[in-house]
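*Asks:* Take a look at this one; I'll ask things after.
The values are calculated or read from the model by the stated rules, or taken from the named source; none is laboratory data. In this text the structure is predicted, and so the values were computed from the model without any measurement. Counting neighbours? That spans all protein chains shown, and the Cβs are built from the backbone with ideal geometry, glycine included.
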Amino acid sequence: MASDARSILLVEDEKAIRDAVAAYLDREGYWVVGVGDGQSAVEEFEKHHFDLVILDLMLPKLSGERVCRAIRDKTSAVPIIMLTAKGEVEDRIIGFELGADDYIVKPFSPRELVARVRAMFRRAQRAEEPQVEVLDFGDLVIDISGHKILVEGKQVDLTASEFKLLATLARHPGRVYNRMELVEKVLGYDFEGYERTIDSHVKNLRAKLGDDPKNPKWLYTVHGVGYRFEAPAADDAKGTGASEG
Ligand code: CA
């Protein structure tokens, strides 16, 4: 194996799928470790550094859900792509709630998966590029360069996708983004039908920010269109000036 190759942990119990996907990824120059059950996945993850995890949801020994949790307990940084069976809508939602960055529905073409993997690495690389940028909204501080956020002074961990989503919206307060734009900007590809994943990310983001969708402070739903970010009550704060409370 080339030591500078990106490493991928591939967790899939169906050998035919695992072998096909591994072959495609290998051809792309990635270093792939394939395992067939959840327990082995956790063990491999503890032994080696991986740059990305492809994780089937339905697995023997330990479910993909539990594996995802175990990985997220150790690090929030590694991108995770979940594999779910067709129609398991709730499972996709579960995947995002657990902190997966993307999902792909079976049956899928290995080509599409490879495209997702590439997009995921492009995003990770962009995130690593040095740039000093801090968006300060008072109770919410988004440190783009440090890839972290502070809510009321406390650091809150976001997944790569949640961070990208928040940063995208917050860079242009007041601008309405439709879901398809957000899919392209946040997930890095333009396949149709994945707009709903943005809703899941927004839901998670709101929970982490403590933002109430019925009475939002930052993230506003624009019905039938998408979302926008608002810098809260800057005018009020400046206008009164006299008291600080
Ligand atoms: Ca399976």
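*Asks:* Just give me the residues in segment 60-86 being of a type in the set (A, V, I, L, M) and away from the ligand (no atom under 16 Å from the Cβ), in sequence order.
*Replies:* Ala70, Ile71, Ala77, Val78, listed by residue number.
*Asks:* Determine whether Gly29 is assigned by TED's automatic domain parsing to the domain that holds Ala124 and either under 19 Å from Ala119 (Cα atoms) or under 23 Å from the mean Cα position of the chain (by Cα) (or both).
*Replies:* Criteria met by Gly29.
*Asks:* Given the criterion at pLDDT below 80 and not small (Gly, Ala, Ser), identify the matching residue among Glu65, Glu97.
*Replies:* Just a single option satisfies the conditions, and that option is Glu97.
*Asks:* Just to check your reading of the model, which residue among Thr168, Thr197 is in a helix (DSSP H, G or I), over 18 Å from Arg116 (Cβ atoms) and in contact with a helix residue (DSSP H, G or I) (Cβ under 9 Å, 6 or more places away or on another chain)?
*Replies:* None of the others qualify; the one that does is Thr168.
*Asks:* Under 6 Å by Cβ, and 6 or more places apart or on different chains, what pairs join a residue from segment 147-166 that is at positive phi with one that is loosely packed, with under 15 Cβ neighbours inside 10 Å?
*Replies:* Hits for this filter: Glu152/Asp139.
*Asks:* Restricting to segment 32-59, give me the number of residues that are within 20 Å of Ala119 (Cα to Cα), among the charged types (D, E, K, R) and within 16 Å of the ligand (Cβ to nearest atom).
*Replies:* Here the count works out to 1.
*Asks:* Sticking with this structure for a sec: Please give the number of the condition Arg196 fails out of (1) basic (Lys, Arg); (2) farther than 24 Å from Pro79 by Cα; (3) within 15 Å of the chain's Cα centre (by Cα).
*Replies:* Looking at each condition in turn, Arg196 falls short on (2).
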